[in-house]
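Participant: Below are the structure tokens for one structure; questions will follow.
The values are calculated or read from the model by the stated rules, or taken from the named source; none is laboratory data. Please read all numbers here as calculations on a predicted model, not as lab measurements. Using ideal geometry, Cβ is built from the backbone for each residue, glycine included, and neighbour counts are taken over all protein chains shown. Only protein heavy atoms, including side chains, enter the accessible area calculation; ligands, DNA and RNA are left aside. Shrake-Rupley method; radii C 1.70, N 1.55, O 1.52, S 1.80 Å.
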Amino acid sequence: MATQTGTRPAACHWRDTAAADRTLSAMLGDGRSRAALSSPDHTRLWNALEDASIGGKRFRPALVRAAHDTFDGTEHEAVAQVGAAIELLHTAFVIQDDVIDGDDIRRGRPNVSGTFRTWAREHGADEDAAAELALTAGILAGDLAMATALRAIATCGVSPAVTNRLLDLFDTALQITTAGELADVRLSLGLEPASTDASLAMAEHKTSAYSFSLPLQAGALLAGAGPDIVQECDVVGRHLGVAFQLADDLLGVFGNPDLTRKSTTCDLRTRKQTPLLSHARSTDEWDEIDSHLGRDLGDAELAEVRRLLTRNGSREFATGLMHEHLRLAQAHITALCLPTELPSIITDSLTLLLDDSEAA
């Protein structure tokens with residue numbers, strides 16, 4: 001049983017996700033092989049799902065390993081499988097998020113919906129029919145990814161008691177993330193002003209539960225850590241997750257799209273009630289900012305929104321809040337002897353932000 005503090009692993013080791021990558025590839029390959037016995041359409045869906053899993057930072061499997069190794073775990077094969085499962089859960093949420101936002105591009109290339117929309121057009125379908133196929137493919141690919149991830153957790157090879165606890169963690173993360181995604185869309189309707197606290201809660205639910213708390217808790221659990229340590233890993237994950245979402249919100253408006261391969265107008269077009277925009281609502285510039293939301297923006301209009309969000313202090317507010325959550329996470333990381341480099345998952349992305357002079 002692990003003690004309150006672990007044994008800090010070498011920094012280079014926890015970042016090595018090669019075993020999880022191999023396991024993920026095998027999981028997807030197995031699904032594709034079974035699809036080949038069904039129909040070309042089913043195979044095409046699995047191919048698109050596999051493409052959707054390529055290109056991520058793989059920090060979720062790395063977090064599983066970081067916690068497992070910190071607490072002297074020996075379940076290395078299970079760590080790889082659970083890490084791959086959580087990464088595939090992420091892929092499922094990414095696919096669903098693109099369906100919700102109506103996006104056809106992810107990481108600079110067509111996503112599942114975009115792939116099937118293009119295929120339908122090339123084979124003579126009109127726009128409405130192509131859109132229906134794109135929507136259907138996105139929903140089904142997300143379902144396949146989630147089911148495959150759940151099966152991987154259930155068959156990871158540890159004791160029934162630990163497997164059941166992992167499934168509980170997986171289910172909790174799924175429930176919280178689903179609630180967060182639904183709240184995100186509801187707040188975007190503009191039926192009521194979203195307070196900063198509501199926006200932060202939504203951000204925590206959407207991102208923290210499955211991307212940070214789940215992998216850290218799963219790694220600790222696989223190492224035999226007790227309930228108190230698993231709970232502390234949840235606290236670390238929640239702070240890291242909020243910081244990550246705040247950074248992502250900033251990149252979603254102030255990022256350099258040539259480097260991020262991320263839209264800098266999607267959040268504005270869909271009126272996402274991020275903490276960045278919730279803060280802006282309380283400033284004198286809000287009416288002018290609001291006039292740019294809910295539609296596609298040209299370069300000059302985007303530059304104007306960036307200028308307003310910088311001048312009114314909203315960018316500084318979101319940045320300061322992100323660093324405060326990183327500070328709180330670091331305190332718990334140090335107490336648990338987790339790798340002190342964990343916040344670099346978030347801070348490394350900040351190099352992709354435009355500087356203040358470019359945004360203003």
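Participant: Please verify whether ARG271 is outside any helix (DSSP H, G or I) and under 21 Å from the mean Cα position of the chain (by Cα), treating the condition exactly as stated.
Facilitator: On the way: outside any helix (DSSP H, G or I): yes; under 21 Å from the mean Cα position of the chain (by Cα): yes.
Against the criterion (outside any helix (DSSP H, G or I) and under 21 Å from the mean Cα position of the chain (by Cα)), ARG271 qualifies.
Participant: Can you name the number of the only condition in (1) in contact with a Phe, Trp or Tyr (Cβ under 9 Å, 6 or more places away or on another chain); (2) open to solvent by 10 Å² or more (accessible area, probe 1.4 Å) that ILE105 fails?
Facilitator: Checking ILE105 against (1) in contact with a Phe, Trp or Tyr (Cβ under 9 Å, 6 or more places away or on another chain); (2) open to solvent by 10 Å² or more (accessible area, probe 1.4 Å), the one that fails is (1).
Participant: Return yes when ALA80 is assigned to a helix (DSSP H, G or I), in contact (Cβ under 8 Å) with a residue 12 or more places away in the chain and either within 18 Å of GLY219 (Cβ to Cβ) or touching a helix residue (DSSP H, G or I) at 6+ places or on another chain (Cβ under 8 Å) (or both) and no when it is not.
Facilitator: yes
Participant: Then there is this: Just to be sure I understand, how many residues within the range 286-299 are part of a loop (DSSP other than H, G, I, E, B) and either among the aromatic types (Phe, Trp, Tyr) or open to solvent by less than 30 Å² (accessible area, probe 1.4 Å) (or both)?
Facilitator: So the answer is 3.
Participant: Could you identify the single residue in LEU308, LEU350, LEU326, LEU302 that is assigned to a helix (DSSP H, G or I) and over 26 Å from the mean Cα position of the chain (by Cα)?
Facilitator: LEU308
Participant: Here's something else I'd like to know. Hey, LEU167 hits all of (1) open to solvent by 40 Å² or more (accessible area, probe 1.4 Å); (2) under 30 Å from PRO275 (Cα atoms) but one; which does it fall short on?
Facilitator: (2)
Participant: From the set of residues in the range 119-131 that are assigned to a helix (DSSP H, G or I) and surrounded by 15 or more Cβ atoms within 10 Å (Cβ to Cβ), which is nearest to the chain's Cα centre (by Cα)?
Facilitator: Taking the candidates together, the pick is ALA131.
Participant: Given the options ASP249, ASP258, ASP267, ASP284, name the one that is farther than 18 Å from GLU304 by Cα and either without any contact (Cβ under 8 Å) to a residue 24 or more places away in the chain or not small (Gly, Ala, Ser) (or both).
Facilitator: Details: ASP249 fails: farther than 18 Å from GLU304 by Cα; ASP267 fails: farther than 18 Å from GLU304 by Cα; ASP284 fails: farther than 18 Å from GLU304 by Cα.
None of the other options fit; the residue is ASP258.
Participant: Could you say whether any residue in the range 89-100 is free of Cβ contacts under 8 Å to residues at least 12 places away in the same chain and not aromatic (Phe, Trp, Tyr)?
Facilitator: No, the range 89-100 contains no residue that is free of Cβ contacts under 8 Å to residues at least 12 places away in the same chain and not aromatic (Phe, Trp, Tyr).
Participant: Now for a separate question. Please count how many residues of the range 37-67 are more than 30 Å from LEU221 (Cβ to Cβ) and open to solvent by less than 70 Å² (accessible area, probe 1.4 Å).
Facilitator: Of the residues in the range 37-67, 8 are more than 30 Å from LEU221 (Cβ to Cβ) and open to solvent by less than 70 Å² (accessible area, probe 1.4 Å).
Participant: Continuing with this model, one more query. Given the criterion farther than 25 Å from ARG165 by Cα and either β-branched (Val, Ile, Thr) or touching a Pro at 6+ places or on another chain (Cβ under 9 Å) (or both), identify the matching residue among ARG307, ARG281. Steps first, please.
Facilitator: On the way: ARG307 fails: either β-branched (Val, Ile, Thr) or touching a Pro at 6+ places or on another chain (Cβ under 9 Å) (or both).
Going through ARG307, ARG281 in turn, just one is farther than 25 Å from ARG165 by Cα and either β-branched (Val, Ile, Thr) or touching a Pro at 6+ places or on another chain (Cβ under 9 Å) (or both): ARG281.
Participant: Which count do you get for residues in the range 176-219 that are more than 21 Å from GLN273 (Cβ to Cβ) and not small (Gly, Ala, Ser)?
Facilitator: The number of residues fulfilling the criteria is 5.
Participant: Which pairs turn up if I take residues in the range 292-303 that are more than 14 Å from PRO257 (Cα to Cα) and among the small types (Gly, Ala, Ser) and look for partners that are open to solvent by 40 Å² or more (accessible area, probe 1.4 Å) and assigned to a loop (DSSP other than H, G, I, E, B) with beta carbon separation below 6 Å, at least 6 apart in sequence or on another chain?
Facilitator: That search, which allows pairs on different chains as well, returns GLY294/ARG271.
Participant: Just to be sure I understand the filter: pairs with C-beta atoms under 6 Å, separated by 6 or more residues or on different chains, first member in the range 340-360 and at negative phi, second member at pLDDT below 95 and surrounded by fewer than 20 Cβ atoms within 10 Å (Cβ to Cβ). Which pairs pass?
Facilitator: If the second residue must be at pLDDT below 95 and surrounded by fewer than 20 Cβ atoms within 10 Å (Cβ to Cβ), the pairs left are GLU341/ALA11; LEU352/ASN256; LEU352/LEU259; LEU352/THR260; LEU354/ASN256.
Participant: Going residue by residue through the range 210-224, is there one that turns out to be farther than 26 Å from GLU341 by Cα, hydroxyl-bearing (Ser, Thr, Tyr), in a helix (DSSP H, G or I) and open to solvent by 10 Å² or more (accessible area, probe 1.4 Å)?
Facilitator: Step one: list which residues in the range 210-224 are farther than 26 Å from GLU341 by Cα, which gives none.
Checked the range 210-224: no residue is farther than 26 Å from GLU341 by Cα, hydroxyl-bearing (Ser, Thr, Tyr), in a helix (DSSP H, G or I) and open to solvent by 10 Å² or more (accessible area, probe 1.4 Å).
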